[in-house]
Amino acid sequence: MDACGVILAGGRSSRMGRNKALLALDGKPLIQRQVERLSAWFRQVVIVTNTPGEYAFLGVPMVSDRVPGLGPLAGVEAGLRASRFEHAFFCAVDMPFINEALVRFMVQAAPGYDIVVPAPGGEYEPMHAVYGRGCLPSIARNLEAGRLRLISIFPDVRVREITDAELLPFGEPERLFFNCNTPADLEEARRWLEEEG
Ligand SMILES: Nc1nc2c(ncn2[C@@H]2O[C@H](COP(=O)(O)OP(=O)(O)OP(=O)(O)O)[C@@H](O)[C@H]2O)c(=O)[nH]1
């Protein structure tokens with residue numbers, strides 16, 4: 001795809017109790033799973049992390065938040081600055097079931113918008129969204145003002161919501177956007193994979 005694929009991996013993993021990016025699912029670290037997928041789908045891949053030494057083994061370009069510790073909005077800023085493309089697809093490192101067809105659909109919907117975001121049941125999934133360079137001024141303003149949530153920028157920019165009806169062909173939202181916050185979540189993801197065989 002003619003966009004950048006960005007993995008947000010700058011979090012604290014406090015609910016997991018250890019760095020979730022390095023926990024194994026299906027025999028490999030979660031972050032490696034994301035890298036392999038995005039590398040197959042996108043012409044450019046970037047990891048946003050504030051601990052690059054932990055991920056050097058992946059051989060993927062890395063950037064850091066301008067100010068670490070502010071949360072994923074700062075990670076989106078860093079990823080957009082590193083992107084060679086107008087738009088970049090961002091996903092959390094702990095979202096093991098991202099779907100290529102859905103991601104492609106979202107990237108194709110991006111021209112003319114600053115954000116393309118799934119909204120299953122009307123709730124945004126901003127950790128699995130396309131952001132454009134047009135978001136940068138709003139991100140800077142919001143970070144400056146201490147408004148750190150990803151959705152803080154939504155009122156300022158052109159947002160394309162992916163509706164329930166549009167999501168239908170790609171599978172269950174509970175699975176597409178599932179993320180492993182806790183050890184129990186990781187167990188659930190393992191069970192899903194085992195069931196699939
Ligand atoms: N670059 C960057 N990414 C972040 C930051 N905070 C969270 N993320 C990433 O955003 C995604 C979702 O983060 P969460 O799981 O909500 O937060 P977390 O800090 O990793 O985990 P908790 O401490 O359990 O909340 C993960 O992929 C995180 O690595 C940050 O400050 N900078």
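A few notes on this one:
- Matching residues in segment 152-189 - criterion: being among the aliphatic types (A, V, I, L, M) and in contact with a strand residue (DSSP E or B) (Cβ under 9 Å, 6 or more places away or on another chain): Ile153, Val157, Val159, Ile162, Leu167, Leu176, Leu186, Ala189
- Every test in (1) crowded, with 16+ Cβ neighbours inside 10 Å; (2) without any contact (Cβ under 8 Å) to a residue 12 or more places away in the chain is passed by Trp41 save one, and that test is (2).
- Only one of the listed residues (Ala101, Ala110, Ala56, Ala40) is part of a loop (DSSP other than H, G, I, E, B) and more than 11 Å from the ligand (Cβ to nearest atom). That residue is Ala110.
- In the set (1) outside any helix (DSSP H, G or I); (2) under 19 Å from Phe178 (Cβ atoms); (3) in contact with a helix residue (DSSP H, G or I) (Cβ under 6 Å, 6 or more places away or on another chain), Val35 fails one condition alone, (1).
- Residue match in segment 64-83 (condition: more than 10 Å from the ligand (Cβ to nearest atom), farther than 24 Å from Ala110 by Cα, without any contact (Cβ under 8 Å) to a residue 60 or more places away in the chain and not basic (Lys, Arg)): no
- Looking only at segment 1-23, and only at residues there that are within 11 Å of the ligand (Cβ to nearest atom) and without any contact (Cβ under 8 Å) to a residue 60 or more places away in the chain, the one that is surrounded by the fewest Cβ atoms within 10 Å (Cβ to Cβ): Ser14
Readers should treat all values here as calculations from the given coordinates under stated rules, not as data from a laboratory. Computed from a predicted structure; not experimentally measured. FYI the Cβ positions are ideal-geometry reconstructions off the backbone, even for glycines, and counts take in every protein chain you see.
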